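Written out below as structure tokens is the structure these notes cover.
Computed from the coordinates by the stated procedures, all read-outs in this text should not be read as laboratory data. Fair warning: this is a prediction, and the values are worked out from it, not measured in the lab. For neighbour counting, all protein chains shown are included, and Cβ atoms are generated from backbone atoms with ideal geometry for every residue, glycine included.
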Amino acid sequence: MSITGRFAPSPTGILHLGNLRTALASWLSVRKAGGRWLIRVEDVDGPRCHRDLGDAQLRDLERLGLVSDEPVVWQSERSAHYREALASLHRAHLLYPCACTRKDLQLLASAPHAEDGLRPYPGRCRFRAWEGFERALRFQLSDGVILWEDRLLGAQSDDPALLTGDPLLFRRDGCFAYHLAVVVDDGAQGVDEVVRGADLRPVTATQIRLQEALGLPTPAYAHLGMVLAPDGGRLGKRAGALGIEALADRGVAVPDLLGWLGWSLGCLSEAKPCQVEELIAGFDWSRVPKGDVRVPPVWG
């Protein structure tokens, strides 16, 4: 069965090992199936995103042999499509203006999905009068449990209304929010397999609800465990996480990195230097570990 997969980094920093592992898993899954693999740069959050970082991320992926089968899509160039989706939701009476501030909600907004991932929105603005598309806008979730099959984790179920609450789709600063952009673009690009980190698993049911509201198909999902520091701490952009350049400075060449990444995904019995094409034959979702993995101590 041919599939279309994608890797969609946000250009707010380097691609660390967790990002690279996710990109490789997506690429291997698609290549094993003889499908189409795409790269989309999620730079919809203008103040935090930088074109030069996006270009650097693309170069890092190319060094691993991971190149998009079609021209790279930049979300910052797709505002008209997001506004059209908002208009469709408004016509269906599924949008409402929100006057809440981050301080009001006592939430952190350091990642595009953080507001929805940390705690559910309580719905305090649900009955506000319509004030147009220049206000912050939320999607009114319907109640009920969503069921889906995760290619790595198996059968999953969540009630998005209880887990995330009504997600923000348009921000007061004029930026389209993560949930809207990712759902619209996956639909437009024909993406039918989404491989991403386990930190995004809690928003899956919310995105499925939004797909349903927009009449878009739901892709298959696979949520990988996190790549942790040698001491078990989380790697992250703000913690100076290891990227290709930092590893090269430690003497870790690209074949060494690919060998470790391939081993961590169950493609190899041991971490040995290789080229990316050598990992395709050994990739199978049944062999991919479900839990987190730790960076080798000599790399940390």
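Numbers below:
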{"item": "Cut-off 14 Å between beta-carbons: net charge of the residues surrounding residue 295, Lys and Arg +1, Asp and Glu -1", "result": "+1"}
{"item": "Euclidean distance between Cα centres, region 27-70 to region 167-211, Å", "result": "17 Å"}
{"item": "Range in the chain, longest, excluding exposed GluC sites (Glu not before Pro) [loop by DSSP; at most 15 other beta-carbon atoms within 10 Å]", "result": "135-269"}
{"item": "0 to 90° range, to nearest 10: angle between helix 17-33 axis and the chain longest Cα axis", "result": "80 degrees"}
{"item": "Stretchable slack from residue 285 to residue 246, in nm (0.36 nm times residue separation minus alpha-carbon distance)", "result": "11.1 nm"}
{"item": "Nearest-ten-degree value, helix 204-213 long axis tilted from longest Cα axis of the chain", "result": "50 degrees"}
{"item": "Beta bridge orientation in the chain: antiparallel %, DSSP, nearest 5", "result": "40 percent"}
{"item": "Folded to 0 to 90 degrees: helix 178-188 orientation relative to the chain principal axis, Cα", "result": "70 degrees"}
{"item": "Descending Cα extents along the principal axes, region 78-184, whole Å", "result": "41, 31, 26"}
{"item": "R0 of 41 Å, Cβ-Cβ distance residue 272-residue 157: FRET efficiency to nearest 0.05", "result": "0.55"}
{"item": "Cysteines without a disulfide-compatible neighbour (Cβ-Cβ under 4.7 Å), the chain", "result": "49, 100, 175, 267, 274"}
